[in-house]
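Throughout, read-outs are computed from the coordinates displayed, never taken from laboratory work. Everything numeric here is computed off the predicted structure, so don't read it as measured data. Here Cβ is always computed from backbone atoms with ideal geometry, including for glycine, and neighbour counts include all displayed protein chains.
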Amino acid sequence: MKDLGFVRVAAAVPQMRVGDTEYNKEQIISMIRDAATERVDVVCFPELCVTGYTCADLFFLQQLQHDAIKALEEISNATRGLSTIVIVGCPLKVDNNLYNCSFVLSDGEVVGVVPKVNLPNTGEFYEKRWFTPGRDLNVHTLDLFSGDVPFGHDLLFTTPDYVFGIEMCEDLWSPLPPSTQLAIQGAEIIFNLSSSNCITGKHSFRRQMITQQSARVHCGYVYTSSGVGESSTDAVFSGSTYIAENGDMLSEGERFRRTSGMIINEIDVERLRTDRQRNTNFTADHQGEYRRVCATAVAHEPVEPEHRVFSRMPFLPEEAESESFYSDVLSIQTAALAKRWEHTHAGSMVIGISGGLDSTLALLVACLTADLIGKDRSDVIGVTMPGFGTSDRTYQNALALMTHLGITQREISIASAVTQHFEDIGHDMSVHDVVYENAQARERTQILMDIANQSGGLVIGTGDLSELALGWATYNGDQMSMYGVNAGIPKTLVRGVVGYAATNIFGGEVARILRDIIATPVSPELLPTDEDGEIAQKTEDKVGPYELHDFFIYYLMRYGFTTTKIRYMAERAFGEQYTSEEIEHWLSVFTRRFVSQQYKRSCMPDGPKVTFVSLSPRGDWRMPSDAAIKL
């Protein structure tokens, strides 16, 4: 398969016995073989895992030092012929100093050794009693059993597909973690070999530090810590393992396991590169020169992200964060509209109310904004404009919603005006083509604009981000307004916000109406209803499912992924719902419309950015309207 930019990593915690290097070696080698079977690219073991972290003054014994290096050599030999790079922790004596080191092993060789820089100097683990900090070294190359090996904290390990760096335990807790400079110098994945003990509250704080650091430097972060086999004389170790990426926790292992354990996931280095590319300050703080070390293992076919879960709704929050997330969405919208309302001294906010999702959200935002700035809701003018395709369900919901929200409501049928217009331009009304549809949309916009002039008001646009991406709007019809309050919100998020409002803000009859609107098929209602008066023109039958399009939008706009990668991810996320052929078809529809419909976005009204993605031609997306790119 084509390389999709994923690197499979593992965080391993072997069973161990303090000071028993032979036993520890066997456990580590067994887990290396398991990782290789799983086609892991890099597996990371805990700090000092060859000896155990809690050996204390046993570290001074020449026998333990000798046994540790002997075990390390056998571990290195065990990697020969494997496609997996291995990182293990082991003490190393250099001249008269003992260092707490991470060894990078690849295809039977030690390719680099990284000493721990920041040593804990309080409590029961006063490492400076045994080890020398690896900050200022007189030796930069070691003569180990595999030949001359680079030695230092300034090492970047390179492969043809990714670059990684290493920091150790206390390094992450320091004011300036080594991973910060490692990332700035080019490391895309950071491995942390740790032996952090477990006390109450530390787990959540450590987890937070890892996700924040991965977000701060746009990296993958793999953390593994010593397990319960360590000495419990003065502390307990839980064997915490984490795999994070750019602020997201991808995998988290079981703590306090009494057997060996390993978590596996895939880091998306293409995603990381996109964010670094856009953050032009990322390379502005180089300090010194870092050495690059080749760490290529035996080649294998690119891995598929078998362990990675792709959310079908990337714009939506995790359930635990949903309440605050949706509250923020509404707060952003109302703050934006409040600023525009007060700045323009508008006498009213004019909104076309169709009984559909988008106009409903715009209406809710207008009402909440009126409440926020001390305006009367009667200053919000809702206009329902039934036409040739208006269904009774949406019509009744529009009227009921306006009534129960207490706004000023007007009803103006467009049927006679559009009929007259067709006569004026010589269009046959029985021909339900683009002229038939767009004339209705433009007539509605004209009505709204003129009512706004009557009332000294602003026309509030209802179109959403998904419609803008697809160009699913009539140019100078519903594409135009005086402020597009929904312009930064994709369709899947519109549905979520309206649902949140029904549950948490509005009650009674308003909540009931909102839930029925959510359940109504999405439609512009520009074609006549069926024989039962139901909606005949369903948007998703024409342009495709919005859940798919929002998925495409997110990964194209947020990360610039190729359509090959987006299609693969969509197949993984929606495989039980859509066939590969359906996904490929709707993706081709999306890319074609996205490129060809830029001219509608180039002159779109102002509107607030809400998520990571915005299509504003003045902000996040600046694209020529006559681009001929093939996505």
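Annotations
- Spin-label pair F256-S602: with each label point 7 Å from Cα along the Cα-Cβ axis, the two points sit 6.4 nm from one another.
- Under 5 Å from the amide H of T241 lie the amide H atoms of G253, each residue being 5 or more positions distant or on a separate chain, with H modelled from the backbone and absent for Pro and chain starts.
- Cα gyration tensor, region 270-331 - rounded (a/c under 1.5), prolate or oblate: oblate
- Listed by chain and number, the lysines whose C-alpha is less than 27 Å from the C-alpha of K25, apart from same-chain residues fewer than 8 away, are K70, K93, K116, K128.
- Model label zone, R515; criterion: amide N under 20 Å from point 7 Å along Cα-to-beta-carbon; scope region 351-388: 355-358, 360-361, 364
- Other-chain or far-sequence residues with amide H under 5 Å of S348's (modelled H): G457, L458
- Taking 0.36 nm per residue of sequence separation and removing the Cα-Cα distance, the M249/E74 pair yields an extension gain of 59.6 nm.
- Two-site FRET efficiency, W173 against D143, from Cβ-Cβ distance with R₀ of 30 Å, rounded to 0.05: 0.35
- Alpha-carbon centroids, region 359-396 and region 4-60: separation in whole Å: 62 Å
- Cα-projected label distance for I373 with Q420, points at 7 Å along beta-carbon direction, nm: 3.5 nm
- Sparse-neighbourhood loop sites, trypsin sites (Lys or Arg not before Pro) in region 462-561 - DSSP loop, at most 15 other Cβ within 10 angstrom: K538
- Prolate/oblate/rounded label for region 6-294 (Cα gyration tensor, a/c 1.5): rounded
- Cross-link reach list, lysines versus K609, counting only Cα pairs under 23 Å and skipping chain neighbours closer than eight places: K339, K491, K600
- Computed from the C-beta positions of L58 and R292, the FRET efficiency with R₀ = 56 Å rounds to 0.95.
- Our estimate of slack between S625 and D234, defined as 0.36 nm per intervening residue step minus the Cα-Cα distance, is 134.0 nm.
- Between S523 and T539, the built amide H atoms are under 5 Å apart, and every one of these is 5 or more places off in sequence or on another chain.
- Within the chain, longest stretch free of exposed GluC sites (Glu not before Pro) [DSSP loop, at most 10 other beta carbons within 10 Å]: 1-288
- Contour minus Cα-Cα distance for R312 and T562 (0.36 nm per residue): 88.2 nm
- Theoretical FRET efficiency, 1/(1+(r/R0)^6), r = Cβ-Cβ of F612 and T579, R0 45 Å, to 0.05: 0.95
- Cα centroid of region 489-528 to Cα centroid of region 182-242, whole Å: 43 Å
- Distance in nm between pseudo-label sites at H66 and V435 (7 Å out along the Cβ direction from Cα): 9.8 nm
- By DSSP, the beta bridges lying fully in the chain are antiparallel in about 55 percent of cases.
- Under the Karplus curve 6.51 cos²θ - 1.76 cosθ + 1.60, θ = phi - 60°, whole-Hz ³J(HN,Hα) for region 475-484, x wherever Gly or Pro sits: 4, 6, x, 5, 5, 10, 7, 9, 6, x
- Using θ = phi - 60° and Karplus 6.51 cos²θ - 1.76 cosθ + 1.60, couplings along region 609-625 (whole Hz; Gly, Pro as x): 6, 10, 10, 5, 10, 9, 10, 4, x, 9, x, 7, 10, 10, 9, x, 5
- Per residue of the chain, the DSSP helices (runs of n ≥ 4 H) give a summed -39500 (n - 2.57) that works out to -12000 deg cm²/dmol at 222 nm.
- Highest average packing first - 276-283, 30-37, Cβ atoms within 10 Å: 30-37, 276-283
- By the count of other C-beta atoms within 10 Å, a proxy for reagent exposure, D392, D550 are ordered fewest to most as D392, D550.
- Alpha-carbon centroids, region 426-453 and region 303-324: separation in whole Å: 41 Å
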